[in-house]
Amino acid sequence: MTAVLLGLPLWLAGCSDQQVAAEVQAPKVIVSTPVAKEVMEWDEYTGRLQPIEVVEVRARVSGYLESIHFKDGDIVKEDDLLFIIDPRPYKAEHDRAVAQLALAQAQLQVARSDLRRALKARDARAISGEEVDQRRSRAMIAQAGFEGAEAAVESAALNLAFTRVTAPITGRISRDFVSEGNLINGGTPEATLLTTIVSLDPIYCYFEADERSYLKYVRLSRSGARASGRDFQHPVYLALADQTGFPHEGYLDFVDNRLDPATGTMTARALFANPDFALTPGLFARVRLVGSGRYEALLLPEEAIGTDLSQRYVFVVNDQSVVQYRTVELGPLIGGLRVIRNGLEGAERVIISGIQKARNGSRVSPVPGEITYQPEVFDLRPAA
């Protein structure tokens, strides 16, 4: 009995040493509870920039191209002079029309004087009614001739003005497609194309949403979580291929009336201010659009999430510092963190650093850490 009692302290000391050794061997990991935030999801699409206005500049009158008054690729303003077509034939036609108008005006004055004299003579019974009717008809013919001459002068003036081809809109002009001295065909459907102009500020971005996304937006609209894009100008953010983040802010201004049966997508359009002309028609761009209403979400950093075949998981540390395996359902990336849709309640201590050191059922040495949420500009916008 005495031997047994003497050996008991030795056995207890051995157990204590084993526990200390186990605690020393337990790997250190950083743990934290998930961040709980009210968030709003954003959907990302690929779009293409297009101008609001595209104008093909064509001649309205025929003639020889006399001069060009712009530099290829310039920014031109509305009514700026672009081309001059030889105006001399049209100036001569205008002068002839003015002379014809003066002749018609003189003939009208004579016809009116004859009619007045005939009316006075009829009152004195010195002329027949038939003669009065003839002079009245001549006055009416002269009046019609005068009005026709006025129209001819106006037409000739228009043709003369059309020899000066001006910019119909403000925008960036292309190159000249016809050089000086060439004969221009104008005023017909086959009129010579002189150049083109595209507007730049503001500018459109067209993009297409797939059928699943469209149905999601319809359900959100019906539930009141997100207004329909046809009724509300949702904020849209844009980035070019070489830009980080989404520095350009615009709004949704058009949603098509049906899905394209060939692609199963719905076309939408956003409008962006472009005062510095950095957005060029034809460029591809990435756009972000409001994808949900606001809701409470749990968020974790990407390094806290592991992949096991087709499943995603996190490691949770319980009160006994034992690791537990939890499968989770992931949502989008918001504020640099991943939304956890299912699998966590929010009070768990999740390993956020050192996940590679942990195993399901193993003991770890947890060290409290902190998760940083970094909202971007578009994450702060209110939901519709």
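Go through the residues of region 275-289 one by one and say whether even a single one is among the acidic types (Asp, Glu), more than 30 Å from Ala241 (Cα to Cα) and free of Cβ contacts under 8 Å to residues at least 12 places away in the same chain. Scanning region 275-289, I find no residue that is among the acidic types (Asp, Glu), more than 30 Å from Ala241 (Cα to Cα) and free of Cβ contacts under 8 Å to residues at least 12 places away in the same chain, so the answer is no.
Kindly indicate which of Arg112, Arg48, Arg117 is basic (Lys, Arg) and not in a helix (DSSP H, G or I). The unique qualifying residue is Arg48.
Scanning region 46-91 for residues that are within 19 Å of Asp176 (Cα to Cα), exposed (fewer than 15 other Cβ atoms within 10 Å of the Cβ) and in contact with a helix residue (DSSP H, G or I) (Cβ under 7 Å, 6 or more places away or on another chain) turns up nothing.
For region 202-233, the candidate set comprises residues that are acidic (Asp, Glu) and assigned by TED's automatic domain parsing to the domain that holds Ala270; within that set, the residue that is nearest to the chain's Cα centre (by Cα) is Glu208.
Counting only residues that are in a loop (DSSP other than H, G, I, E, B) and either aliphatic (A, V, I, L, M) or in contact with a strand residue (DSSP E or B) (Cβ under 7 Å, 6 or more places away or on another chain) (or both), region 311-331 holds 2 of them. Residues that are buried (at least 22 other Cβ atoms within 10 Å of the Cβ), in contact with a helix residue (DSSP H, G or I) (Cβ under 8 Å, 6 or more places away or on another chain) and not in a loop (DSSP other than H, G, I, E, B) within region 210-237 comprise just one, Tyr237.
Exactly one residue among Ile127, Ile141 is farther than 30 Å from Phe272 by Cα and in a loop (DSSP other than H, G, I, E, B), and that residue is Ile127. When Leu252 is tested against the conditions (1) assigned to a loop (DSSP other than H, G, I, E, B); (2) in contact with a Leu (Cβ under 8 Å, 6 or more places away or on another chain); (3) within 18 Å of Cys205 (Cα to Cα), the lone failure is (1). One residue stands out among those in region 269-295 that are within 27 Å of Ser228 (Cα to Cα) and aromatic (Phe, Trp, Tyr): the one that is surrounded by the fewest Cβ atoms within 10 Å (Cβ to Cβ), which is Phe284.
The values are calculated or read from the model by the stated rules, or taken from the named source; none is laboratory data. Keep in mind the model is a prediction, meaning the values are calculated, not measured. Neighbour counts are summed over all protein chains in view; Cβ atoms, including those assigned to glycine, are modelled from backbone coordinates with ideal geometry.
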